[in-house]
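Peer 1: Just dropping this structure here.
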Amino acid sequence: YQVHELALAWPEFQARGVTPVLVSVDRVDEATKTQASWEIPFPVLSDPTLNAHNAWNVNFAVDDETVKKYARFGIDLEEYSGQTHHTIAVPSMFLIDRDGVVRWAHAELDYRTRPTVDQVLAAIDGAIPRG
């Protein structure tokens, strides 16, 4: 539900000249559904072939037992991604300035451990000089 909180904080990001971008491992139509269902005002990109996720090293392969467990809960990784790789994203955030320099990063395998909106805004305020 972090995405929803980030969407609600959109005015705060705009005031700082920052545009969040969500990059999903889901195929394009699933990413589009996510954007619509959470009314996300910023870009939601699709990376089912894991190009960006591999480049940033923010993914992990799900073992066969976990794939079966997910299926019992109605989660079909292949259906969402359109791929057979059984790889999901590590929840992560990167604050990248206009020159492409990473000013702040957070990645955590435990999906429950995520920075709050206030922590993200503080990272922005501390990392990027405001003119």
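Peer 1: Residue check, Pro11 against (1) open to solvent by less than 60 Å² (accessible area, probe 1.4 Å); (2) closer than 17 Å to Ile124 by Cβ, all met but one. Which one?
Peer 2: (1)
Peer 1: On to the next question. So which of Arg72, Arg114 is touching a strand residue (DSSP E or B) at 6+ places or on another chain (Cβ under 9 Å) and among the basic types (Lys, Arg)? Give the derivation first.
Peer 2: Details: Arg72 fails: touching a strand residue (DSSP E or B) at 6+ places or on another chain (Cβ under 9 Å).
After applying the criteria, what remains is Arg114.
Peer 1: Right, something else. Quick check on Leu77: is it open to solvent by less than 40 Å² (accessible area, probe 1.4 Å), in contact (Cβ under 8 Å) with a residue 60 or more places away in the chain and among the hydrophobic types (A, V, I, L, M, F, W, C)? Before the answer, list the steps.
Peer 2: Details: open to solvent by less than 40 Å² (accessible area, probe 1.4 Å): yes; in contact (Cβ under 8 Å) with a residue 60 or more places away in the chain: no; among the hydrophobic types (A, V, I, L, M, F, W, C): yes.
So Leu77 does not fit the description; no.
Peer 1: Taking only pairs six or more apart or across chains, which ones have beta-carbon atoms under 9 Å, a first residue in the range 90-103 that is farther than 14 Å from Val21 by Cβ and free of Cβ contacts under 8 Å to residues at least 60 places away in the same chain, and a second residue that is of a type in the set (S, T, N, Q) and buried (at least 17 other Cβ atoms within 10 Å of the Cβ)?
Peer 2: Going by the 9 Å Cβ cut-off, the qualifying pairs are Val90/Asn59.
Peer 1: Only one residue in Val120, Val58, Val67, Val90 is open to solvent by less than 40 Å² (accessible area, probe 1.4 Å) and under 21 Å from Trp10 (Cα atoms). Which one? Show your work before the answer.
Peer 2: Details: Val58 fails: under 21 Å from Trp10 (Cα atoms); Val67 fails: under 21 Å from Trp10 (Cα atoms); Val90 fails: under 21 Å from Trp10 (Cα atoms).
Unique residue meeting the criteria: Val120.
Peer 1: List the pairs whose first member sits in the range 28-48 and is under 13 Å from Ser81 (Cα atoms), whose second member is at pLDDT below 90 and open to solvent by less than 70 Å² (accessible area, probe 1.4 Å), and whose Cβ atoms are under 7 Å apart, counting only residues at least 6 apart or on separate chains?
Peer 2: Filtered contacts from the range 28-48: Leu45/Ala31; Ser46/Ala31.
Peer 1: Continuing with this model, one more query. Kindly indicate which of Arg98, Arg114 is over 15 Å from Ala52 (Cα atoms) and under 17 Å from the mean Cα position of the chain (by Cα). Give the derivation first.
Peer 2: Numbers: Arg98 fails: under 17 Å from the mean Cα position of the chain (by Cα).
After applying the criteria, what remains is Arg114.
Peer 1: Could you grab me the full set of residues in the range 20-48 that are surrounded by 17 or more Cβ atoms within 10 Å (Cβ to Cβ) and part of a loop (DSSP other than H, G, I, E, B)?
Peer 2: The answer is Pro20, Val25, Asp26, Arg27, Trp38, Ile40, Asp47, Pro48.
Peer 1: Only one of Glu39, Glu30 is more than 14 Å from the chain's Cα centre (by Cα) and of a type outside the set (Val, Ile, Thr); which?
Peer 2: On the way: Glu30 fails: more than 14 Å from the chain's Cα centre (by Cα).
On inspection, the qualifying residue turns out to be Glu39.
Peer 1: Another one. Answer with yes or no whether Val102 is open to solvent by 60 Å² or more (accessible area, probe 1.4 Å) and of a type in the set (A, V, I, L, M, F, W, C). Walk me through how you get there before you give the answer.
Peer 2: Details: open to solvent by 60 Å² or more (accessible area, probe 1.4 Å): yes; of a type in the set (A, V, I, L, M, F, W, C): yes.
Considered against the rule, which asks whether it is open to solvent by 60 Å² or more (accessible area, probe 1.4 Å) and of a type in the set (A, V, I, L, M, F, W, C), Val102 comes out as yes.
The values are calculated or read from the model by the stated rules, or taken from the named source; none is laboratory data. Source: prediction; values computed, not measured. Neighbour counts are summed over all protein chains in view; Cβ atoms, including those assigned to glycine, are modelled from backbone coordinates with ideal geometry. Heads up: the accessible areas ignore ligands, DNA and RNA and are worked out on the full protein's heavy atoms, side chains in. Shrake-Rupley method; radii C 1.70, N 1.55, O 1.52, S 1.80 Å.
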